[in-house]
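Step one of this worksheet: look at the structure below.
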Amino acid sequence: MTDTEVDLAALYAAHHLQMVRLARLLVDDTASAEDVVQDAFLGLHRRQHQLRDPGAAVGYIRQAVVNQARSQLRRRRTVRAHLRVAEPEIGPAADADLMLSEEHREVLQAVNKLPERQREVLILRFWSGLSEAEIADTMGVSKGTVKSQASRAMKTLHQYLEEARA
């Protein structure tokens with residue numbers, strides 16, 4: 001290694017944690033902070049031959065972390081702005097309660113009569129849109145349990161609705 005080269009391994013070992021802490025304060029997310037720091041060190045690796053003073057490497061890394069964090073925050077703002085345009089938050093219509101059909105009210109009442117586990121499975125599946133695996137993880141049960149509870153819930157729900165219509 002020449003006098004103009006930076007010992008990246010030593011620099012990383014000595015300053016990585018400090019840079020992650022800095023980035024964490026800037027981006028408020030540990031995973032993003034680690035990505036920011038990795039990108040900063042990668043940038044130094046790519047441009048170390050352009051670094052005039054190897055002693056300035058820590059300053060270079062710190063500045064790169066700040067710049068990368070700013071870029072990360074800009075990307076977040078852009079994504080959030082586009083999401084708001086693509087999926088605007090629309091509140092319920094003023095007459096939403098009137099528009100809720102009798103059938104929907106019956107279904108909600110029937111769902112509320114279900115045993116707790118069956119009700120949770122249906123809510124997670126149909127209202128939250130989770131997969132069987134996600135429901136199993138959320139509830140701490142097996143996928144088989146989710147399937148059987150969903151099947152029982154649908155059968156019971158059907159019976160409740162038939163009784164209500166009779």
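No lab work stands behind these numbers, since they all come straight from the coordinates. The model shown is predicted, which means the values in this text are computed figures rather than measured ones. Reconstructed Cβ throughout: ideal geometry from the backbone, glycine too, with neighbour counts over all protein chains shown.
Taken along the Cα-to-beta-carbon direction at a fixed 7 Å, the label points for E162 and R74 span 6.3 nm. Its residue count N fixes a reference of 2.2 N^0.38 Å for the range 120-166, and the Cα radius of gyration divided by that reference is 1.25. Working note: Karplus 6.51/-1.76/1.60 with θ = phi - 60° gives the range 61-74 the couplings 4, 4, 5, 5, 4, 4, 5, 5, 5, 4, 4, 4, 5, 4 Hz, where Gly and Pro are set to x. Projecting label points 7 angstrom from Cα along Cα→Cβ for E106 and A10 puts them 8.0 nm apart.
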